[in-house]
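Beneath this line is the structure, given in structure tokens, with notes to follow.
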Amino acid sequence: MTAAPEHLTRLSITGMHCAGCVSRVEQALKNVPGVTEANVNLAERTASVAGSANAQQLIAAVQAINYQAAELRGLEDESKKEAAEYAHYRGLLRKFIVAAIVGAPLMIAEPLGLMPHVGVPATLPFWLVVGAATLFVLVYAGGHFFRGAWKSFLGHNANMDTLIALGTGTAWVYSILVVLWPEVVPSTARHAYFEAAAIIIALINLGQALEMRARGKTSEAIKRLIGLQPKTARVVRDGKELDVPIEQVGLDETVRVRPGEKIPVDGEIIDGRSTIDESMLTGEPLPVEKQVGDAVTGGTINKSGTFLFKATRIGADTALARIIELVRRAQASKPAIGRLADKISAVFVPTVLIIGVLTFLAWFNLGPAPRVSFALVATMTVLIIACPCALGLATPISIMVGVGKAAEYGILIRNGEALQQAGRLTAVVLDKTGTVTAGRPTVTTLVAVSGFEESELLSIAASLETGSEHPLALAIVEAAKERGASVSAVEDFDAIAGHGVHGRVGGRDVLLGNDKLMKKFNVALSELPVRATELAAQAQTPMYLAVDSKAAGIVAVADPIKQDSKSAVARMHALGLKVILLTGDNRATAEAVAKQVGIDEVIAEVLPEDKAKKVEALQARGECVAMVGDGINDAPALAQADVGYAIGTGTDVAIESADVTLMRGSLAGVPDAIAISKATVRNIKQNLFGAFIYNTLGIPVAAGVLFPFTGLLLNPVIAGAAMAMSSVTVVSNANRLRFFRA
């Protein structure tokens, strides 16, 4: 019996409030048979589950622990989720207003001495009305906290809702007890805390609403990527052009794209030419020329011409769909620092409950009169201030913004671990061909001896090389086409291995190759070898041209260094990184390239299969290594490195072969990616530090450790405001990454 195929399922989860909730949902999903990995994102309220389990099984597992879930399958589901979140945001604001209308007058009147005494028969009706109004606040504005706490209790667990429900519920029960049966407590302890319960509920609702609003900004990168995809496409069927929904475009279908329109799906141009703006996918600002036979990508914008193309990938198989999925996976993933926070949070709430009990007992047995009031206030404050919302949001919210920001730069990060590792890098290993250099040999220098013109030199060389398929030959022929040099027919063509080529062009005997070829045919080179040595030192490959046994000049071919390679290497140095060139090319050429761009160390003449071993040797030296290659022949080395950066055009192999894919094909993406990674990790650490310090300092102060020395006891209302604002602070700090500039 064959196993069910593994796939990724995305769920929208409702009812989660803290890292404890995340831990419970993740564990429930991992316990489902067939699940290989489950990541729950508190910031997005989503779960990404890999494995063979179906959506119904996963939803059932979530519901079994008293949370709600729904599968997210496409743009329509995403829109519904967004609409539901906005409705929830509006609901939280309404609950805040209702709770504030009840609680604010009470809180203002209390310090002004305008509230009647508790326990006096004449004031009973007033306090009963206040108690009923506050109960309404607890039910309407705080009901979701109590329901969440009850569900957690049924699941033998505790979460943020537990702390809020216990704190506010206890305040209300104690207050109504004092109002109805004042004699059960000492006269000094006869104080009602209705205003505290109402205002705490109001502030927490406001905090969650503000958090939701700020959180919505963190997923703007995904929204922009989704917005790239047009809703319709103009297809050609039976000779007629029809506008159809994009879901109805079939494979191999002919699609028309007019100037200014977005390309609906991936395909290949079959008629026409144009320039395409690919900036939103690659980060490259300049439009790209496209003609018949060239590939086009869904979501990019047609700038000038009109053309027809054949659809080659549709739906979830398009590059844009796969990029969106890759960004989502990365946003849902957790680096080690995030998993540490989850582990701490999992035991945090039970620990706080124990601290709350100990706080009550300490005040009740050792505190000053009125002991009951002090014990209640201190316990309620501990429970409220300790809610670990900020702790649960600290990592995922920064990952979401950081990965989204990277996507805007044409950088696809596959997982959160790559972000964290990038902050530890000490060395960057660069492949040469296609990474530092363009990967396309071109004619760079022409040296003509007396009696020959450079254009004549190129014309003769190109004519001779029309019969060769060697990469250097193709570069010469291409240069002749670009410069308008005439190309004649070649006769008696002969390729001499390790030497060059020989043939007849226009009735003349022509040789093109190295010095061995010239010696073989007794051609005197005079001063040309001196110039050839100079060119070789500049990473160019010189070839001698001889006509009728006399030297005519040099045609030099090189793989040109990309325009931004030197500045990119300089930026890596500025980040404190050692830069190493790893190539299979000869040492002289490699040294010349390294010298031109400022690379620190060269490892040359390495076979492709040995590149991973060289990376491993660097790691053995204690280096934390990033490998930068084209994502295909460098795959083993990319996998061996601590972080692999694939420079490519977003092809399937490039996207799947490395931790980070640079869509632009530019080395400048490497320092961009490292800078974004470092900024994101720094942001996570700031959030975690803030959350940990807040709880570490807040709980002892709330418990009353300062009271014996200063007489200070934290007000539960202030604790509620601080707790609510801590989450807003974390989300706001993460959103600073949206303004990052590399």
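Filter the range 537-555 down to the residues that are closer than 21 Å to Arg440 by Cα and surrounded by fewer than 20 Cβ atoms within 10 Å (Cβ to Cβ) and list them by number. Within the range 537-555, Ala537, Gln538, Thr541 meet the criteria.
Restricting attention to the range 225-240, the residues being part of a strand (DSSP E or B) and loosely packed, with under 13 Cβ neighbours inside 10 Å number 2. For the range 289-315, a residue qualifies if it is touching a residue at least 60 places away in the same chain (Cβ under 8 Å) and under 13 Å from Ala233 (Cα atoms), and the qualifying residues are Gly298, Gly299, Leu308, Ala311, Ile314, Gly315. Considering only the range 6-112, give the strands (runs of 3 or more DSSP E) lying wholly within it that have at least 2 residues that are surrounded by fewer than 17 Cβ atoms within 10 Å (Cβ to Cβ) and in contact (Cβ under 8 Å) with a residue 12 or more places away in the chain. Result: 7-14, 35-41, 68-72. Any idea how many residues of the range 556-568 are in a helix (DSSP H, G or I) and surrounded by fewer than 22 Cβ atoms within 10 Å (Cβ to Cβ)? Qualifying residue count for the region: 2.
This table checks each residue for (1) open to solvent by less than 10 Å² (accessible area, probe 1.4 Å); (2) free of Cβ contacts under 8 Å to residues at least 60 places away in the same chain; (3) assigned to a helix (DSSP H, G or I); (4) touching a strand residue (DSSP E or B) at 6+ places or on another chain (Cβ under 9 Å).
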position: Ile354; (1), (2), (3), (4): no, yes, yes, no
position: Ile384; (1), (2), (3), (4): yes, no, yes, no
position: Gly439; (1), (2), (3), (4): no, no, no, no
position: Ala461; (1), (2), (3), (4): yes, no, yes, yes
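Within the range 569-628, the set of residues being open to solvent by less than 50 Å² (accessible area, probe 1.4 Å), aliphatic (A, V, I, L, M) and assigned to a loop (DSSP other than H, G, I, E, B) comprises Leu577, Ile599, Ala604, Val606.
Could you grab me the full set of residues in the range 701-742 that are within 37 Å of the chain's Cα centre (by Cα) and either not hydrophobic (A, V, I, L, M, F, W, C) or not in a helix (DSSP H, G or I) (or both)? Walk me through it before giving the result.
Going residue by residue through the range 701-742, those that are within 37 Å of the chain's Cα centre (by Cα) are 718-742.
Passing the criteria: Gly720, Ser726, Ser727, Thr729, Ser732, Asn733, Asn735, Arg736, Arg738, Phe740, Arg741, Ala742.
Tallying residues that are of a type in the set (Gly, Ala, Ser), touching a residue at least 60 places away in the same chain (Cβ under 8 Å) and more than 21 Å from Ile399 (Cβ to Cβ) within the range 684-742 yields 9.
When restricted to residues that are over 16 Å from Leu545 (Cα atoms) and outside any loop (DSSP other than H, G, I, E, B), the range 480-517 contains 5. Each residue in the range 639-672 was checked for being at pLDDT below 85, β-branched (Val, Ile, Thr) and within 23 Å of Leu575 (Cβ to Cβ), and 2 pass.
I'd like the residue in the range 117-131 that is of a type outside the set (Val, Ile, Thr) and open to solvent by 40 Å² or more (accessible area, probe 1.4 Å) and, out of all such residues, is nearest to Ala192 (Cα to Cα).
In the first step, residues of the range 117-131 are kept if they are of a type outside the set (Val, Ile, Thr); the result is 117, 119, 121-122, 124-128, 131.
Narrowing the set further to residues that are open to solvent by 40 Å² or more (accessible area, probe 1.4 Å) leaves 117, 121-122, 124-126, 128.
Details: His117: 9, Pro121: 15, Ala122: 16, Leu124: 12, Pro125: 14, Phe126: 12, Leu128: 11 Å.
Checking each candidate, the answer is His117.
Condition check ((1) in contact with a helix residue (DSSP H, G or I) (Cβ under 9 Å, 6 or more places away or on another chain); (2) within 20 Å of Gln686 (Cβ to Cβ); (3) not charged (D, E, K, R)) across all residues:
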{"residue": "Ser373", "(1), (2), (3)": "yes, no, yes"}
{"residue": "Leu393", "(1), (2), (3)": "yes, yes, yes"}
{"residue": "Val401", "(1), (2), (3)": "yes, yes, yes"}
{"residue": "Glu417", "(1), (2), (3)": "yes, yes, no"}
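Restricting the first member to the range 135-153 and to residues that are within 18 Å of Leu92 (Cβ to Cβ), and the second to residues that are among the basic types (Lys, Arg), the beta-carbon pairs closer than 7 Å and six or more apart or on different chains are Tyr140/Lys95; Ala141/Lys95.
The values are calculated or read from the model by the stated rules, or taken from the named source; none is laboratory data. These numbers come from a predicted model, not from an experiment. No Cβ is skipped: glycine too gets one built from the backbone with ideal geometry, and neighbour counts run over all protein chains shown. The protein model used for the area step is the full one, side chains on, heavy atoms only, and it has no ligands, DNA or RNA in it. Shrake-Rupley method; radii C 1.70, N 1.55, O 1.52, S 1.80 Å.
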